[in-house]
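Here the structure comes first, spelled out in structure tokens, and everything after it is commentary.
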Amino acid sequence: MYDIVIIGGGPAGASFARLIGKRYKVLLLEKRSFDLNKTREKSCGGLIAPDAQLMLARFGLGIPKSVLISPQMFAVRTIDIENHIERYYQRHYINIDRQAFDQWLESLIPQEVKIINNAVYHSYRMENDEIVVKFFYQGKIYEEKTKLLAGADGAFSMLRNQAFPDSPKPKLYISIQEWFETHKNLDYYGAVFDREITDFYSWMIPKENTLILGTALEPGKQAGEKFQLLKNKLKNYGFQFEKSIKKNGACLFRPIHSKQICTGSQKIALLGEAAGFISPSSAEGLSYAFKSALALARSLEGGLEGFAGVYKKEAQSLMRNIFFKNLKSPAMYNRVLRKLILKSGVKSLKIEKMKI
Ligand SMILES: Cc1cc2nc3c(=O)[nH]c(=O)nc-3n(C[C@H](O)[C@H](O)[C@H](O)COP(=O)(O)OP(=O)(O)OC[C@H]3O[C@@H](n4cnc5c(N)ncnc54)[C@H](O)[C@@H]3O)c2cc1C
């Protein structure tokens with residue numbers, strides 16, 4: 001019998017396991033193998049934003065070289081296709097290999113935690129006061145008992161759907177990312193705004209000798225056409241998307257109301273994107289995964305009894321943060337406001353080009 005079974009060993013689940021692993025008897029189920037050649041890749045831009053960097057600092061962690069990827073960038077190029085304006089802003093993201101990052105986070109989990117990779121969670125049921133967790137591993141079905149079940153299984157959380165089917169979900173987007181081979185890569189992160197493509201945004205991220213083109217689209221039939229239109233429009237800005245290496249898609253949440261965040265109940269806790277924690281303005285999710293893992297771990301400092309109320313309280317600042325991000329969103333996503341801000345040039349930077 002475990003104290004806590006965690007579903008999902010992404011940034012939220014792995015961080016949570018790292019924080020509580022010495023205090024509780026923990027089982028972590030993760031469907032990926034983290035064998036870099038075999039495992040299914042998580043669709044991600046792989047940029048660690050300043051908020052997530054701050055969380056790594058608070059955790060006392062530094063990133064190993066093996067996780068970093070070139071180039072490291074200091075600017076974002078904002079391309080507003082609708083308003084025909086471009087601006088550069090100073091930003092420092094850490095460019096990483098997301099797969100290697102997740103593998104590194106998993107390696108930090110104390111050895112007291114039992115980790116089963118390639119294990120796919122299936123369902124749970126209550127037996128008296130205990131939770132029986134059912135999962136698949138190497139073609140067989142297994143069951144384990146636990147006192148608390150923690151869902152860190154991402155945007156498409158099976159546990160959230162099973163345990164809280166009526167809780168309102170954040171707005172759903174379908175993200176598409178395609179990798180293109182390139183010999184002369186960008187030295188900045190590109191953010192692209194155009195409502196003909198999406199009411200959210202699209203991005204370009206350089207990774208060694210490849211360039212990722214990504215977008216978050218409202219679900220619908222025209223996803224393929226819109227992605228093609230994005231490529232065509234960006235060609236007018238001098239980008240070439242020729243040799244495609246790979247393409248993948250994922251669900252992406254955008255919480256618009258705090259009601260769409262679900263932290264769970266007395267026996268089942270949700271964290272990370274499974275709970276709906278992600279920035280509604282930029283889709284930055286790593287800092288939210290870390291912060292919710294910390295909030296849940298803190299709520300368990302006094303034992304399992306009554307943790308749920310404490311977790312909800314601990315998570316309040318995250319909810320407020322999402323609320324304020326929603327308030328700030330029109331500045332980026334309203335065409336007129338964005339035009340005014342970009343035109344003003346406030347906080348933008350000049351890229352120095354010599355004539356000689
Ligand atoms: C296209 C795209 C680009 C993004 N780019 C960035 C970025 O550059 N920077 C940033 O900060 N955020 C980015 N995000 C958001 C970020 O990836 C997520 O918010 C973050 O990964 C959430 O962490 P998590 O641990 O909650 O969930 P996840 O990272 O999704 O982890 C969930 C884990 O659960 C496992 N799992 C799922 N179901 C099961 C099951 N049934 N059984 C066992 N295991 C299971 C999965 O394998 C996975 O390891 C991006 C998201 C998308 C879709």
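The values are calculated or read from the model by the stated rules, or taken from the named source; none is laboratory data. Owing to the predicted nature of the structure, the values given are computational and were not obtained by experimental measurement. Cβ atoms come from the backbone with ideal geometry, glycine included; neighbour counts cover every protein chain shown. SASA here: full protein model, heavy atoms, side chains in, ligands and nucleic acids out. Shrake-Rupley method; radii C 1.70, N 1.55, O 1.52, S 1.80 Å.
K233: within 12 Å of the ligand (Cβ to nearest atom) and farther than 22 Å from P280 by Cα, yes or no? Don't jump to the end; show me each part of the working.
Working: within 12 Å of the ligand (Cβ to nearest atom): no; farther than 22 Å from P280 by Cα: yes.
No, not satisfied.
Please determine, by comparing only the residues of region 37-91 that are basic (K, R) and in contact with a helix residue (DSSP H, G or I) (Cβ under 7 Å, 6 or more places away or on another chain), which one is modelled with the lowest pLDDT. Let's see the steps before the verdict.
The first filter runs over region 37-91 and keeps only residues basic (K, R), leaving 38, 40, 42, 58, 65, 77, 87, 91.
Subset that is in contact with a helix residue (DSSP H, G or I) (Cβ under 7 Å, 6 or more places away or on another chain): 42, 87.
On the way: K42: 80, R87: 96.
Top of the filtered list is K42.
What do you reckon, is I278 crowded, with 20+ Cβ neighbours inside 10 Å and modelled with pLDDT under 95?
Taking the combined requirement at face value, the residue does not satisfy it.
Kindly evaluate E196 against the criterion of being in contact with a Leu (Cβ under 9 Å, 6 or more places away or on another chain) and away from the ligand (no atom under 15 Å from the Cβ).
Judged against the criteria, E196 is a match.
What is the residue count in region 207-251 for residues that are at pLDDT below 90, within 24 Å of A155 (Cβ to Cβ), in contact with a strand residue (DSSP E or B) (Cβ under 9 Å, 6 or more places away or on another chain) and in a loop (DSSP other than H, G, I, E, B)?
Counting residues in region 207-251 that are at pLDDT below 90, within 24 Å of A155 (Cβ to Cβ), in contact with a strand residue (DSSP E or B) (Cβ under 9 Å, 6 or more places away or on another chain) and in a loop (DSSP other than H, G, I, E, B) gives 2.
Considering region 144-168 alone, what residues qualify as being within 10 Å of the ligand (Cβ to nearest atom), open to solvent by less than 60 Å² (accessible area, probe 1.4 Å) and under 17 Å from R125 (Cβ atoms)?
G151, L159
Regarding region 246-257, can at least one residue be identified that is without any contact (Cβ under 8 Å) to a residue 40 or more places away in the chain and surrounded by 11 or more Cβ atoms within 10 Å (Cβ to Cβ)? Please lay out each step first, then the result.
Our first condition is that a residue be without any contact (Cβ under 8 Å) to a residue 40 or more places away in the chain; within region 246-257, this holds for none.
Within region 246-257 (the criterion being without any contact (Cβ under 8 Å) to a residue 40 or more places away in the chain and surrounded by 11 or more Cβ atoms within 10 Å (Cβ to Cβ)), the answer is no, since none of the residues qualifies.
Hey, any hits in region 265-275 for a residue that's on the phi < 0 side of the Ramachandran plot, charged (D, E, K, R), out of contact with any Leu (no Cβ under 8 Å at 6 or more places or on another chain) and open to solvent by less than 50 Å² (accessible area, probe 1.4 Å)?
Yes: one or more hits.
Tell me which residues, restricted to region 338-356, are surrounded by fewer than 12 Cβ atoms within 10 Å (Cβ to Cβ) and of a type outside the set (K, R). Before you say what the answer is, go through the steps one by one.
Taking region 338-356 and keeping what is surrounded by fewer than 12 Cβ atoms within 10 Å (Cβ to Cβ), we get 344-347, 350-356.
Result: S344, G345, V346, I351, E352, M354, I356.
Taking the condition of being of a type in the set (F, W, Y) and part of a strand (DSSP E or B), how many residues in region 142-185 meet it?
Result for region 142-185: 4.
Condition (residue is touching a residue at least 60 places away in the same chain (Cβ under 8 Å) and within 16 Å of the ligand (Cβ to nearest atom)) applied to region 216-227: is it met by at least one residue? Walk me through how you get there before you give the answer.
Restricting attention to region 216-227, the residues satisfying the condition of being touching a residue at least 60 places away in the same chain (Cβ under 8 Å) are 216.
Okay, now just the ones that are also within 16 Å of the ligand (Cβ to nearest atom), so 216.
Yes, there is a match, as at least one residue in region 216-227 is touching a residue at least 60 places away in the same chain (Cβ under 8 Å) and within 16 Å of the ligand (Cβ to nearest atom).
Within region 10-18, can one find any residue that is outside any strand (DSSP E or B) and surrounded by fewer than 19 Cβ atoms within 10 Å (Cβ to Cβ)?
no
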